[in-house]
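Peer 1: Below you will find the structure I want to go over with you.
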Amino acid sequence: PSRGLGDVYKRQRVGIALAKSFAYTPGEKVEVQFRFNRLSMRRFHQGLSHVGNLVASILFPAQEHLATSPEPRLVDGNSRPFNRTLNHEQRQAVAAIVRAPARNVPYVLFGPPGTGKTTTLVEAILQCARFLQPTTLAGVSNASRDIKRFHILVCAPTNAAANLICCRLAEVLAPRTELMRVVAKSQSLKQLPEVLRDPQRRFTNWDPEEDSFTMHLDDLIRPIVLVATMATAAGLINEGVERGHFDLIVLDESGQAIEPEAVAPVACLLGDKGQLVLAGDPKQLGPIIHHDLAAQHGLAKSFMERLMDRPLYARLDRGDGRCEYNTDIITKLIRNYRSHPQLLEVPNRLFYDDELLSLADRALISSCLKWEELPVHGVPLLWHGVVGRDTREEKSPSWFNPDEIFLVVHYVSSLLQMRPQLKASDIGIISPYSKQVQKIQLALQHKRLGNDIKVGSVEKFQGDEHRVIIISTVRSSSEWTAFDRSHNLGFLDNPKRFNVATTRARALMIIVGNPNVLQLDPCWNELLRTCITKGVYLGPPIEQPDAENDDAEFVQEILAEEEELDGSSAQHRLHQELMQMPRGE
């Protein structure tokens, strides 16, 4: 590895499998090439070539499409919910998906953080799988068993998300006949959760004789529920699965997928009478885009976010001063089961129309209120202002802040004094720069504070939650704020990144950062003013912001300086910060 990257990189290794016929002579130079896997991109292009199969009401739903909605589905009156603890909005969403009164347009399940989106989705899928079969529908006799069964395809952008929902479904549905997790051939069996690789209950397409995941048409069309990533699902048409085979296609975490990724399985497999459900939260992090040109042409906006921007999914004025969604096509979950109400306050106000209600377990969300370093008893929030120094190592584009690292380690050490009530795994540390993440990890190891503390970027924490969240913002020089904004780095000018970072904590959130820099961003400024009002801000006096730091010419000067470091494109290197390769299969 390159000099100066630190011990974390030096311990990383790359394994290469070689053919048995390969003969190596010691000392001989060998050329190794890493090639980009184009399979997922090809499937996205294939999906776009099938877009003509979709009716306009799926891609561009409008008010006039509701007038042509089919009759709602009939459901067996003896059906019982699998989960009897669902709240009003969750039951409303399940009923809308199962009965489908407007299934010619996509149905949107809008699930803010901690509101039980996955729980709602699982219940809806289970009810469709069990209560919409020909032998269970009201008015259908047992003699009509040859009628086509109701089939469901559940997709997610990542394997982790697909595994999560499949494990929840596996608690009720039988393997192979009712549920199958279709895994791409490129994946390893060891990467699956234990319940899915149980040899006695074969939930996947793993073939022990082939020692790999295989695709056989009979296995793909037999199960009532098929679960796969969006990229893998888009390729099912190439295995012989016909368009229209699935009566319901569910796109989970659809706010994180680029639109071609989400549209590909829909365009290839959804029939004219099929139903599409999208679930997620467009207010959190969206698709990861690696090129400004792609973002300029709309790829930074997910399919779900684009749909919710259409007038059909806007709130309706009821005439009595209230605005509500049309629950036939969209449901917003508003009961938060994750966080202390004071931790929800700012993101609730900024992103969710102040509608979220905190219903989290009181014992859990109050578990840190006796921590001795809380500035105000009963307020699980602390902003420790620090005017530190942000710096870089050699040619690395990534930043770190030693002063903030010291404070983060101090607070971790102090919190762990509450053992056994608080464990290391209960703590998560978020920072927007990879170098700060590495430095914090090394500092924790040096202090022997345990390896169970998760440290990572905001992107690594989306969908995650911890009892305690510590946020290290790093940036301490206001002269670099325009630099960060122009390259989508850090926390500034990125409301979605702010929203994810500040909605992970359950019982306590600690912010370590320079208030004079963070106040330049409207979201962070709102949180800062809230902390000051509550009396939980500690640190230096807050200065008035300097409006001259956004000079575009200054940004260009910085870029020019960066290019002089090693001749490579500074913009290209900076785009790698927090970026990841396309997830593929």
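Peer 1: Can you tally the net charge around PHE213? Count Lys and Arg as +1, Asp and Glu as -1, for every other residue whose Cβ sits under 9 Å from the Cβ of PHE213.
Peer 2: -1
Peer 1: Using each residue's phi in segment 19-24, evaluate 6.51 cos²θ - 1.76 cosθ + 1.60 at θ = phi - 60° and report the 3J(HN,Hα) Karplus result to the nearest Hz, with x for Gly and Pro.
Peer 2: 5, 4, 7, 6, 10, 10
Peer 1: Can you pull out the chymotrypsin sites (Phe, Trp or Tyr not before Pro) in segment 28-126 whose DSSP state is coil and whose Cβ has at most 11 other Cβ atoms within 10 Å?
Peer 2: Those that pass, being in a loop and sparsely packed, are PHE34, PHE36.
Peer 1: Between LYS20 and GLU194, what is the FRET efficiency for a Förster distance of 22 Å, r being their Cβ-Cβ separation, to the nearest 0.05?
Peer 2: So, using R0 = 22 Å, E works out to roughly 0.10.
Peer 1: Also, I was wondering about something else. Say R0 is 41 Å: what FRET efficiency, to the nearest 0.05, do ARG222 and ASP354 get from their beta-carbon distance?
Peer 2: 0.30
Peer 1: Across segment 60-76, in residue order, what do the Karplus-derived ³J(HN,Hα) couplings come to in whole Hz, using 6.51 cos²θ - 1.76 cosθ + 1.60 with θ = phi - 60° and x for Gly and Pro?
Peer 2: Ordered by residue, 3J(HN,Hα) equals 10, x, 9, 4, 5, 6, 5, 5, 9, 5, x, 5, x, 5, 8, 10, 4 Hz.
Peer 1: A further question follows. Just the accessible area per residue of segment 318-358, please: how many Å² with a 1.4 Å probe?
Peer 2: Here the residues of segment 318-358 average 44 Å² of exposed surface.
Peer 1: For a quick check: with amide H placed at 1.01 Å from N, whose amide H comes under 5 Å from ASP207's, ignoring anything fewer than 5 positions away on the same chain?
Peer 2: SER212, PHE213, THR214
Peer 1: What accessible area per residue, rounded to a whole number of Å², is obtained for segment 416-462 using a probe radius of 1.4 Å?
Peer 2: 47
Peer 1: Return, ordered by residue number, the residues of segment 58-81 whose backbone nitrogen is under 11 Å from a label point located 7 Å along Cα→Cβ of ASN326.
Peer 2: Hits in segment 58-81 for ASN326 at 11 Å: 61-69.
Peer 1: Still on this structure, I have one more. How many Å² of accessible area per residue for segment 55-205, probe 1.4 Å?
Peer 2: In whole numbers, segment 55-205 has 44 Å² accessible per residue.
Peer 1: Give me the three principal axis extents of segment 269-410 from the C-alpha atoms, as integers in angstrom, largest value leading.
Peer 2: Taking the Cα atoms of segment 269-410, the three principal extents are 59, 46, 31 Å.
Peer 1: Can you send over the carbon and sulfur percentage of the accessible area for segment 214-310, probe radius 1.4 Å, protein chains only?
Peer 2: Its accessible area is 48 percent carbon and sulfur atoms.
Peer 1: Under 5 Å between amide hydrogens, which residues at least 5 positions from ASP76 or on another chain qualify, with H placed 1.01 Å from N in the peptide plane?
Peer 2: The list, which skips near neighbours in sequence, is ALA138.
Peer 1: In addition: Can you work out ³J(HN,Hα) from phi for every residue in segment 33-39, in order, using Karplus 6.51 cos²θ - 1.76 cosθ + 1.60 and θ = phi - 60°, giving whole Hz and x for Gly and Pro?
Peer 2: Running phi through 6.51 cos²θ - 1.76 cosθ + 1.60 with θ = phi - 60° gives 10, 10, 10, 6, 7, 8, 4 Hz.
Peer 1: Work out, step by step, the length gained on full extension between ASP452 and VAL30: first 0.36 nm times the residue separation, then minus their alpha carbon distance; give nm to one decimal.
Peer 2: Result: 148.1 nm gained on full extension.
Peer 1: Whose amide H sits under 5 Å from the amide H of ALA257, counting only residues 5 or more places off or on another chain, with H placed in the peptide plane?
Peer 2: Sorted by chain and number, the residues that satisfy this come to none at all.
Peer 1: Which distance in nm do the two modelled labels at ARG91 and ARG38 give, with both placed 7 Å along the Cα-to-Cβ direction?
Peer 2: 5.4
Peer 1: Over segment 386-440, with every protein chain in place, what whole percent of the accessible area is carbon and sulfur at 1.4 Å, could you tell me?
Peer 2: It is 55 percent, rounded to a whole number.
Peer 1: Kindly count the pairs of lysines across segment 364-476 whose alpha carbons are less than 19 Å apart, treating pairs on different chains or eight or more residues apart as eligible.
Peer 2: 11
Peer 1: Still on this structure, please answer the following. Could you compute the net charge surrounding PRO81? Neighbours are other residues with a C-beta less than 9 Å from the C-beta of PRO81; K and R count +1, D and E count -1.
Peer 2: Combined, the nearby Lys, Arg, Asp and Glu give +2.
Peer 1: Can you give me the P(r) profile for segment 239-314? Cα pairs, bins 10 angstrom wide beginning at 0, each as a whole percent.
Peer 2: It works out to 19, 44, 29, 8, in whole percents.
Peer 1: Tell me, what % of the accessible area of segment 32-140 is carbon and sulfur with a 1.4 angstrom probe?
Peer 2: That share works out to 53 percent.
Peer 1: Can you compute the radius of gyration and Dmax for segment 397-465, using only the Cα atoms, both in Å?
Peer 2: For segment 397-465, the Cα radius of gyration and maximum Cα-Cα distance read 11.8, 40 Å.
The values are calculated or read from the model by the stated rules, or taken from the named source; none is laboratory data. Values in this document were obtained by computation on a predicted structure and should not be read as measured data. Note that each Cβ is placed from the backbone with ideal geometry, even for glycine, and that neighbours are counted across all protein chains shown. Side chains are part of the model used for accessible areas, which takes the heavy atoms of the whole protein and leaves out ligands, DNA and RNA. Shrake-Rupley method; radii C 1.70, N 1.55, O 1.52, S 1.80 Å.
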